[in-house]
Amino acid sequence: MDEYVSLLIVTVLAFITPLLFSKSRVPVVVGEILMGLGVGLLSFLVFKITGVRVIESGVTVEVLAGIGFIFLMFLSGLEIDFGKLERGGLRTLLKALGMLAVTLGLTYGLISLVDSTIGFDIDPFYMALILSTTSVAVVLSIVREMRISRTVPGQQIMVAALVADIVTIIIIAAYTINIQVTQSQNFFFGLEAVLIVVMIGVSFYLIFKLGSLAMWRYPEVLQKFFKLDDPHELGVRGSLAIIFVFVALSTVINSEALAVLGAFLAGAVISLLFQEGAMLGKKLFGVGYGFLVPIFFINIGISFDFEAIFSPMVLLIPILFVIAAVSKVLPAMLFLRSGSIKQDMATGALLTGGLTLMIAAAQIGVSLEIISNTERGMIILLAVIFSAIMPVIFKHLYRKEDDQCAP
Amino acid sequence: MRTVIVGGGRIGKFLARELEDYVIIEREKTRAENLARELGKEHVILGDGASPEVLERAGARQADALLAITNQDQTNLKVALAAKAMGVPKVIARCNDPSFIEVMHLEGVDNVICPAQTASRMIHSALFHDVEDVASVHVTKGSMLEGVRLGEIRSLAATRVLGVIRKRDILKPDPDLVVMSGDEVLLCSIGGMTPELKQLMARETDGLIPFSEILAVILDKSQIETVGDESLYLSAHLGRLPVDVHSPAEDMPARMNDLAQIWGVPVQHSIITSAQAMGLDYLQHLKMGKGTLVALAPGEITEQGLFKKCELGRMLGLETARVLLCRRKIPYSRILAVCDGTDGSMDLIELALKVAIHTGSSLHVLDISESEGAMPDLENLKRLGRNRNVEVKDLHVEGNPTLDLVALVTGGGYDLLAIRWTCQNVRRDILRKVVSDSKLSVLLVR
């Protein structure tokens, strides 16, 4: 298939998806995956009947989807509101960390149990990491929609989601780099990996420190980066440069996980520096969610392995669903103790399943051969189910009148 | 004196009663008939006053004056221009929209009367010169009028209540209507200000004093010129508030006494120990009322590590704390207040506004809130400022709130910054830097 025809299909799908899903309760990103799945299924059925692949992602779409993936992780980092983390206070932060630790432990224990009982060949810790993720974008949009962002429970939910996002991505990166180092059995590769991680850390620190200094000394210069009418779009250019500083560093050891972490850190450092840079944020979200990110999500649907549905691995979906839900709801009930079991269950439900991070981790897992293509398909379906169902359950269970205002 | 009146509404009818030789032109048939019945057929012409033929019929060429007083500014302009063209010696036009006055002047109409502007001038005059019989009282939090029924105000001030402006609505003066904070009550007393109304106005102005006392912490002589002088300046402008000087010296420094005499401010001296002076944590244990302003030298904050120990933070954690970090940027001519959309920032802007009212400075409000659209409480405060002759200017964030705040603080030419210690939407470490390293005085609240 011609490169531009596949690009045409993807961009047309990207255009019509928000129009089709705007009135439904399903997030648009889920809609994009569903649209991609629809096209992929059509192609799969035609292939089964005629033996001809009518729709395929070409090289151009694959490259754009790859950049979209990096950009998506960058935007995830950019969405972290460090002000909220700080305002939440140490107690809220510790509660969120405690919840994540218990979630990770519970998920790991339950998956190990299932693995030893049924005999699925999965890496229990990696799967536990995947199921411990939270979708910050979905959580923030629901909290804002319910107008509870300034209440104590609302802030606790947001901080828990942010902490889960940051910590799981760091652990995923560390875990996969460790696997890479072990697989290579090369001392120098290990040394190189450590060096690159240190360099990424130093770059993060330097960008933050220099940026802070410039904010105090030359605010007028930096203000140009945020102007709506800047013809040179300095803010967008600078942000792209920061992304590729981190991503390029990680490619030295060919680690996809580190590239994901790098892109995430690039977003995080900009968010940490400027926090409420509304105008620059809008421009970057425009570039990302307007073009690159939809290509990534639609491509995930198109390239979905439909053979997986007919494999016994499909049983994984309900099992993992229950494990993930239990592992989020129980810690929420344990740590939050809002006085209402329903409320704590609602919070646990909303924090279950991180759409972007689940897909990202599945992608990385396949490239490292920790998980199979079929398992990846299951994880994608699970992520879609979580994102479609959990916000609805939250809205149903959560009682707004019980809230108390945060200071 | 022959007068042509175009527009037979209430004003036209009222004027007609004051005149002898006049004619009213009215376009609406029913109204014209009613006028004819009331004033006599010879005084009323049915027709469009903007038409030269109708004006001719009304004898405009022979008239000494023409009044264009319809409800339509455009019609009044056309009538006035037609009358001028006919050579009427005196042409007066009514303008309902104040922004249209300039247009009328540019078109060559010399005598323009704007009822809204005239009423506003009368109110202003009543407020500041006590010569008119209309007054406007802006009700602030804790005001004696807050929670009072309009019927009670009538007896309290021996005056009539014309109406209440609440947010953007004008409410009818129902005796049972309860006055709320943020309301503007329009009062009228026939035959000048009654003593009761004057007393009420004076008490409401007293209600605009933002603090009840100033507690000035002066740790050494060098701080007399900063903390001491700025505290006395504020006290002098806020109705000679009592200033309590806390210092480790056994006697009040002579220079401080001299300054107090110059400013004419009552000062008392409290001795603190050197240990207290070092830590300043004793301030937390003082029973300070909500109206106490603690004046400090910002130098102490960095040198003694107050931020590291978070003493200032702890102190500002108290609900009642109001802290002024003095850098002797007096007199205040420009105040910058930061609004983050919270109730706390509304209280802060009210404080800053009251300081601006009494010190004669202008107030610029930097709105860094996430809310879209105007905030009614903020709009009320701005109106209060404008009513009290304070230049209130809105500043909006163009891109990034932290950057915009730093740019204004470092290069905006302000004398006083009013900001919440827990201000949202600004990077916290930069906020601390703004407070500790900027060159302007800072009024901090929780």
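The values are calculated or read from the model by the stated rules, or taken from the named source; none is laboratory data. Everything quoted here is computed from the prediction, not taken from an experiment. For neighbour counting, all protein chains shown are included, and Cβ atoms are generated from backbone atoms with ideal geometry for every residue, glycine included.
Which number in (1) surrounded by fewer than 22 Cβ atoms within 10 Å (Cβ to Cβ); (2) over 24 Å from B:F211 (Cα atoms) marks the one condition that B:P401 misses?
Among (1) surrounded by fewer than 22 Cβ atoms within 10 Å (Cβ to Cβ); (2) over 24 Å from B:F211 (Cα atoms), the lone unmet condition for B:P401 is (1).
List pairs: first residue in the range B:138-152 and assigned by TED's automatic domain parsing to the domain that holds B:P173 and basic (K, R), second residue modelled with pLDDT of 65 or more and part of a loop (DSSP other than H, G, I, E, B) anywhere in the structure, Cβ distance under 6 angstrom, at least six positions apart or on different chains.
Within 6 Å, the pairs are B:K141/B:S181; B:R149/B:D176.
Anything in the range A:11-22 that is among the aliphatic types (A, V, I, L, M), surrounded by 13 or more Cβ atoms within 10 Å (Cβ to Cβ) and either within 21 Å of the chain's Cα centre (by Cα) or farther than 14 Å from A:I55 by Cβ (or both)? List them, or say none.
A:A14, A:L20
Checking the condition under 37 Å from the mean Cα position of the chain (by Cα), modelled with pLDDT of 80 or more and under 13 Å from B:I5 (Cβ atoms), which residue from B:A58, B:A80, B:A63 passes?
B:A80
Hey, could you check the range A:116-145 for residues that are at negative phi, at pLDDT below 75 and assigned to a loop (DSSP other than H, G, I, E, B) and say which is surrounded by the fewest Cβ atoms within 10 Å (Cβ to Cβ)?
Among those that are at negative phi, at pLDDT below 75 and assigned to a loop (DSSP other than H, G, I, E, B), it is A:D121.
What number of residues in the range A:63-96 are part of a helix (DSSP H, G or I), surrounded by 16 or more Cβ atoms within 10 Å (Cβ to Cβ) and away from chain B (no Cβ under 14 Å)?
Residues that pass the stated criteria total 18.
Is there any pair with a first residue in the range A:324-349 that is in contact (Cβ under 8 Å) with a residue 12 or more places away in the chain and a second that is among the aromatic types (F, W, Y) whose Cβ atoms are under 8 Å apart and which are 6 or more apart or on different chains, and what are they?
Going by the 8 Å Cβ cut-off, the qualifying pairs are A:A324/A:F386; A:K342/A:Y398; A:Q343/A:Y398; A:A346/A:F394; A:A346/A:Y398; A:T347/A:F394; A:T347/A:Y398; A:A349/A:F394.
Give the residues of the range B:182-203 that are modelled with pLDDT of 75 or more and in a loop (DSSP other than H, G, I, E, B), sorted by residue number.
B:D183
I need the full set of residues from the range B:239-249 which are out of contact with any Leu (no Cβ under 9 Å at 6 or more places or on another chain) and at pLDDT below 85, in order please.
B:G239, B:R240, B:A249
Does A:V167 fit the bill of being assigned to a helix (DSSP H, G or I), more than 14 Å from chain B (Cβ to nearest Cβ) and free of Cβ contacts under 8 Å to residues at least 60 places away in the same chain?
no
Restricting to the range B:9-27, name every residue that is surrounded by fewer than 17 Cβ atoms within 10 Å (Cβ to Cβ), within 36 Å of the chain's Cα centre (by Cα) and aliphatic (A, V, I, L, M).
Within the range B:9-27, B:L15 is the sole residue that qualifies.
Among (1) modelled with pLDDT of 70 or more; (2) outside any strand (DSSP E or B); (3) among the hydrophobic types (A, V, I, L, M, F, W, C), there is one condition B:V112 misses while meeting the rest; what is its number?
(2)
Starting from the range B:375-404, take each residue that is assigned by TED's automatic domain parsing to the domain that holds B:M346 and free of Cβ contacts under 8 Å to residues at least 12 places away in the same chain and list its partners that are among the hydrophobic types (A, V, I, L, M, F, W, C) and not in a loop (DSSP other than H, G, I, E, B), counting only C-beta distances under 6 angstrom and pairs at least six apart or across chains.
B:R386/B:V392; B:G399/A:F226; B:G399/A:M279; B:N400/A:F226; B:N400/A:F274; B:L403/A:L222
Condition first: of a type in the set (S, T, N, Q), assigned to a helix (DSSP H, G or I) and under 30 Å from A:A362 (Cβ atoms). Now tell me which residues in the range A:212-259 satisfy that.
A:S239, A:S250, A:T251
Could you tell me whether A:T60 is closer than 19 Å to A:L292 by Cβ, surrounded by fewer than 17 Cβ atoms within 10 Å (Cβ to Cβ) and out of contact with any strand residue (DSSP E or B) (no Cβ under 6 Å at 6 or more places or on another chain)?
yes
Could you grab me the full set of residues in the range A:276-318 that are part of a helix (DSSP H, G or I) and small (G, A, S)?
Matches in the range A:276-318: A:A278, A:G281, A:G286, A:G288, A:G290, A:G301, A:A308.
Looking at the range A:208-237 only, could you name the residues that are away from chain B (no Cβ under 13 Å) and modelled with pLDDT of 85 or more?
Across the range A:208-237, the qualifying residues are A:L210, A:R237.
Taking only the range A:345-377 into account, find how many residues are surrounded by 23 or more Cβ atoms within 10 Å (Cβ to Cβ) and more than 15 Å from A:M127 (Cβ to Cβ).
Residues flagged as surrounded by 23 or more Cβ atoms within 10 Å (Cβ to Cβ) and more than 15 Å from A:M127 (Cβ to Cβ) within the range A:345-377 amount to 8.
Might you check whether a residue that is at pLDDT below 85, of a type in the set (K, R), surrounded by fewer than 17 Cβ atoms within 10 Å (Cβ to Cβ) and part of a helix (DSSP H, G or I) occurs anywhere in the range B:210-222?
Yes, because at least one residue in the range B:210-222 is at pLDDT below 85, of a type in the set (K, R), surrounded by fewer than 17 Cβ atoms within 10 Å (Cβ to Cβ) and part of a helix (DSSP H, G or I).
Looking at the structure I just gave you, is A:V102 within 30 Å of A:V12 (Cβ to Cβ) and of a type outside the set (S, T, N, Q)?
It is false that A:V102 is within 30 Å of A:V12 (Cβ to Cβ) and of a type outside the set (S, T, N, Q).
Only one of these is farther than 19 Å from A:L131 by Cα, of a type in the set (A, V, I, L, M) and at pLDDT 80 or above: A:V293, A:V322, A:V326, A:V314. Name it.
After ruling out the rest, the residue left standing is A:V293.
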